[in-house]
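Below is one structure, written out as structure tokens; comments come after it.
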Amino acid sequence: MSFGIAVIGAGMMGAQHAENLSEIQGVHLPCVCDASAATAADVAARVGANRHTTDPHSVVQDASVDAIVVASPDDTHADLVLAALEVGKPVLCEKPLAGSAKECRSIIDAEIKGGRRLVTVGFMRRFDPHYLDLKSMLSATTRSEDIMMMHCSHRNATCPEWFTAELGLSNAVVHEIDIARWLLKEEIETVQVMSRKKVPGSGFDDPQFVVMRTTSGTLVNVEIFMQSRYGYEINAEVVCSDQVIALSRPVYSRIKSSGAERSPITDDWRLRFKNAYKDEITAWAVAVAEGNHVGASAWDGLRAALVTDACLESKMTGREIVVPQMEFPTFYDERSGRGTK
Ligand code: ISE
């Protein structure tokens, strides 16, 4: 029997999720929803969805919808994830899980109360072949006590004119926050944000540095540059006591001309992480159809939000901020065997 997955929010990312879903065997799209009726209609037609709507709550209630992808604006995530939990439907929510750690906690409370692990957060880098390779190389060659530092850079070519320095942290650096926890297998304990003197005409603080320290003392720094102009580029390097492991680059063809060799750099993160998005949603669709959980959990969403909140506080005060720690709920232990059914 075919499994019905609806997409709420059919803008850039939602449209790509809908397209990826339409290519998964055994999955159909009962509905595509967007605040813009024209966008919803256009994406629904492209992916062969049964209907389209502008009302997200009707999607959650729709009996033909077995699971939901939330890719609407960040400030709508918590409300929609809570609505999905209310009716017991698995949900893949784009990052960030919610606008604050407080909202993430209410999602965790609702999920634990329901007794099933229904929430996956769209930290798709965990499915990127380059990051997966980095992670397996790290665990095959390095003891955790030999990891000293991790350097990251996250550069976007451009961003929308409504973008802010704060969104640079909550919407973009949140990826590095999650990937650092996932790679290093520990929590972030402190953060400090610094920005360059404002670039005339740039509109907001860009670039910024985020310096984090993990519970074991490993240093992690992130350069976030939202208007690098030259392209979209993600770098990561883990520095250990006797070796450095760097994230590999996507392979593009090389162009040789006029005495030089060049290879292109995309300006679109959907292209850079094309495989990650595809593998993530395929793994998720298969898992939830079988009653299993896969990917980052609501707990990961909460931990990322606590670090983001601390970044925002540091940005405001200029101080280093201590991130609250708390006991890991056994409900989120992968070995608990708790699934979505
Ligand atoms: C965007 O929202 C994303 O999710 C991309 O993965 C990220 O790299 C980009 O900086 C964000 O703006």
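What follows draws every value from the coordinates through simple rules; no lab data is involved. Since this is a predicted model, take the numbers as computed values, not measurements. Every residue, glycine among them, receives a Cβ derived from its backbone with ideal geometry; neighbour counts consider all protein chains shown.
Some points to look at:
- Within the chain, longest stretch free of exposed GluC sites (Glu not before Pro) [DSSP loop, at most 10 other beta carbons within 10 Å]: 162-326
- Sorting Ile321, Ile5 by the number of Cβ atoms found within 10 Å of their own Cβ, with the fewest placed first, yields Ile321, Ile5.
- Summing charges over neighbours of Asn235, with a neighbour being any other residue whose Cβ is under 10 Å away from its Cβ, gives -1 when K and R count +1 and D and E count -1.
- Normalised by the number of residues in the chain, the mean separation of alpha-carbon contacts (under 8 Å, six or more apart) gives a relative contact order of 19 percent.
- Given 13 as the ceiling on other Cβ atoms within 10 Å, longest exposed-site-free region of the chain for chymotrypsin sites (Phe, Trp or Tyr not before Pro) in DSSP loops: 1-161
- 15 Å reach of a label modelled at Lys274, 7 Å along Cα-to-Cβ, counting backbone N of the range 4-19: 16-17, 19
- P(r) weight above 36 Å for the chain, C-alpha pairs, percent: 20 percent
- Between the range 162-179 and the range 7-26, the alpha-carbon center distance in angstrom: 23 Å
- Relative contact order, whole percent, for the range 231-341 stands at 19, derived from Cα pairs under 8 Å and 6 or more residues apart.
- Per-residue HN-Hα couplings for the range 153-167 [Karplus 6.51, -1.76, 1.60; θ = phi - 60°; Hz; x = Gly/Pro]: 10, 9, 10, 9, 5, 8, 9, x, 6, 8, 5, 10, 4, 5, 5
- For the range 258-267, 3J(HN,Hα) computed residue by residue from phi via the Karplus equation (6.51, -1.76, 1.60; θ = phi - 60°) reads 6, x, 9, 10, 10, 10, x, 10, 6, 10 Hz, glycine and proline entered as x.
- Sorted by Cβ density within 10 Å, fewest first, the residues Ser297, Ser139: Ser139, Ser297
- Pairs of lysines in the chain whose Cα atoms sit within less than 20 Å of one another amount to 13, provided the residues are eight or more positions apart or on different chains.
- For Leu306, Leu82, Leu132, order by how many other beta-carbon atoms lie within 10 Å, fewest first: Leu132, Leu82, Leu306
- Modelled label positions at Thr215 and His151, each set 7 Å beyond Cα in the direction of Cβ, lie 2.8 nm from each other.
- 5 angstrom amide H check on Lys95, placed H, neighbours 5+ away: Gly122
- For Phe3, residues with placed amide H under 5 Å, excluding near neighbours: Val27, His28
- Its relative contact order, with pairs defined as Cα atoms under 8 Å and 6+ residues apart, puts the range 48-170 at 18 percent.
- Between Lys102 and Met12, the distance separating the two model label sites (each 7 Å from Cα on the Cα→Cβ line) works out to 2.9 nm.
- If you take all other residues with their beta carbon under 12 Å from the beta carbon of Thr190, and give Lys and Arg +1 and Asp and Glu -1, the sum is -2.
- Karplus (6.51, -1.76, 1.60) ³J(HN,Hα), θ = phi - 60°, over the range 69-84, in Hz, Gly and Pro reported as x: 9, 9, 10, 7, x, 3, 6, 9, 4, 4, 4, 6, 5, 4, 5, 5
- Comparing mean-square fluctuations of Lys198, Lys95, Lys256 from a GNM of the chain with C-alpha springs under 10 Å, the top value falls on Lys256.
- Each label was represented as a point 7 Å from its Cα along the Cα-to-Cβ direction; for Met194 and Arg254 these points are 3.6 nm apart.
- Annotation: amide H of Gly231 within the under-5 Å range of Ala157, sequence separation 5 or more or interchain, hydrogens built in the peptide plane.
- Helix 101-114 axis, angle to the chain major axis (alpha carbon atoms, nearest 10°): 40 degrees
- Gyration tensor verdict on the range 231-291 (Cα atoms; rounded if a/c is under 1.5, prolate if a/b is larger than b/c, oblate otherwise): oblate
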